[in-house]
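J.: Before we start, here is the structure in question, set down as structure tokens.
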Amino acid sequence: MRRAQELDPRVPHDDEAQARTALHEWHTATVLYRHLLEIDPDNINLKMNFASMLMNGEGDFAAARAIFETIPYPRRDASGQPVWREVGYRWELLMLERDFVGAEKLLVEFPLEEFPPPFAGVKSFFFACTAWARGDQGKARDLFEKWRPALESNVQGHPDDPTFVTWLGLIYAYLDRKEEALRESRRAIDLVPANDAVERPRYLTNLALVYALTGETEKAVTLVEQLLTTPAAENMGVAPITLTQLRGWRWDSLRSNPRFQKILAGPEPKTVY
């Protein structure tokens, strides 16, 4: 990856920066992204990936916010349509900051009522998670229930696609359908080769969250301990497990667990690879 950049110095290639991010090498990734943005300071994808690394890694929310402030919201493409893919990054930052009012406002102000297929329902999912995080679980479940039939239909049409299966498992967990949540979440992992170091952590992360949401606290913490040392990057909206993420709203159900408290009190462990 480094050699490719050396051979093509006028075009920014962020492959190494993404790899360093996956290895939790935050400082090195920061240096690389800053260099890449010197080459192409207006590159939106670079900015978004850099901001994502800053907020999910060392939890530098101020630096991530400063990057977002250089990008119009909502940004529009050449045809005048609002660019929806960037909403998740901004929403994630506000949620990590526990600014749930700001997160909801961000979604309300985005001009599309829903994201286009195959991501239809994701905006409603964000609304549901925002309600859940601020304690309005009744409203959250109503919104999760609204998305459930579409997800079930997607799983029926793509029974061997772990992406749809894992999301369905997570929705079941939020809806207190424990047996179905565990079944689908475990099945999603079974659909991914054991040696797939890119995709598998994503589905294991969702399983850990499902464990946490369904009261399987010890299993959740054990899996969190494993994933905290596993190389992983943001993938299809699933943030890797880092100390910053573990301090966020998703893992509030584990707050009273002594083992989880010990994880949060300690330094981030080294990534094993």
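Derivation of every value follows stated rules applied to the coordinates shown; laboratory data play no part. Given the structure is predicted, the values throughout are model-derived calculations rather than measurements. A quick note on method: Cβ atoms are made from the backbone with ideal geometry, for glycine too, and the neighbour counts reach across all protein chains shown.
J.: Using the Karplus curve 6.51 cos²θ - 1.76 cosθ + 1.60 with θ = phi - 60°, work out ³J(HN,Hα) for each residue of the stretch 22-33 in order, rounded to whole Hz, and write x for Gly and Pro.
T.: Here the 3J(HN,Hα) series is 4, 8, 6, 8, 5, 5, 4, 4, 4, 4, 5, 5 Hz.
J.: Here's a follow-up. Once you treat every alpha carbon in the stretch 180-273 as an equal point and sum by Debye, what is log10 I(q)/I(0) at q = 0.21 Å⁻¹?
T.: -1.08
J.: Whole number please: convex hull volume per residue, Cα atoms of the chain, in Å³. Kindly include the intermediate steps, with their values, before the conclusion.
T.: Working: hull volume 38.3 nm³, N = 273.
Considering the Cα atoms of the chain, their hull volume per residue is 140 Å³.
J.: Rounded to the nearest 0.05, what FRET efficiency is calculated for LYS105 and ASN235 with R0 set to 25 Å and r the Cβ-Cβ distance?
T.: 0.40
J.: Loop by DSSP (not H, G, I, E, B), at most 10 other beta-carbon atoms within 10 Å: where is the longest site-free stretch of the chain for GluC sites (Glu not before Pro)?
T.: 114-273
J.: Here is a follow-up. Between THR70 and ALA150, what FRET efficiency comes out of the Förster formula 1/(1 + (r/R0)^6) with R0 = 30 Å and r the beta carbon distance, rounded to 0.05?
T.: In this case the efficiency is close to 0.30.
J.: Run the helix sum for the chain: -39,500 (n - 2.57) per DSSP H stretch of 4+ residues, divided by residue count, reported at 222 nm to the nearest 500 deg cm²/dmol.
T.: The per-residue figure over the chain is -18500 deg cm²/dmol.
J.: To the nearest 0.05, how large is the calculated FRET efficiency for ALA62 and ALA265 if R₀ is 30 Å and r is the Cβ-Cβ distance? Please report the intermediate quantities before stating the final value.
T.: Numbers: r = 23 Å, r/R0 = 0.78.
Between ALA62 and ALA265 the formula returns 0.80.
J.: Taking the Cα of GLN226, stepping 7 Å toward and past its beta carbon, and measuring to each backbone N in the stretch 235-264: which are under 15 Å?
T.: 241
J.: Put a dot 7 Å past each Cα toward the Cβ at ARG177 and ARG34; how far apart are the dots in nm?
T.: According to this spin-label approximation, the distance is 4.9 nm.
J.: Still on this structure: Please turn the phi angles of the stretch 117-132 into ³J(HN,Hα) values with the Karplus equation 6.51 cos²θ - 1.76 cosθ + 1.60 (θ = phi - 60°), one per residue in order, whole Hz, x for glycine and proline.
T.: x, x, 9, 4, x, 5, 5, 4, 4, 4, 4, 4, 4, 5, 5, 4
J.: Next up: Using the basic label-point model (7 angstrom from Cα toward the beta carbon), what is the LEU112 to SER79 distance in nanometres?
T.: Each label point is offset 7 Å from its Cα along the Cβ direction, giving 1.1 nm.
J.: Hey, what do the phi angles of the stretch 184-195 turn into as Karplus ³J(HN,Hα) couplings, whole Hz, using 6.51/-1.76/1.60 and θ = phi - 60°, x for Gly and Pro?
T.: 5, 5, 6, 5, 4, 5, 5, 7, 10, x, 4, 9
J.: Is the C-alpha gyration tensor of the stretch 1-71 telling us rounded, prolate or oblate? Criteria: a/c under 1.5 is rounded; beyond that, a/b larger than b/c is prolate, otherwise oblate.
T.: It comes out oblate by the Cα gyration axes.
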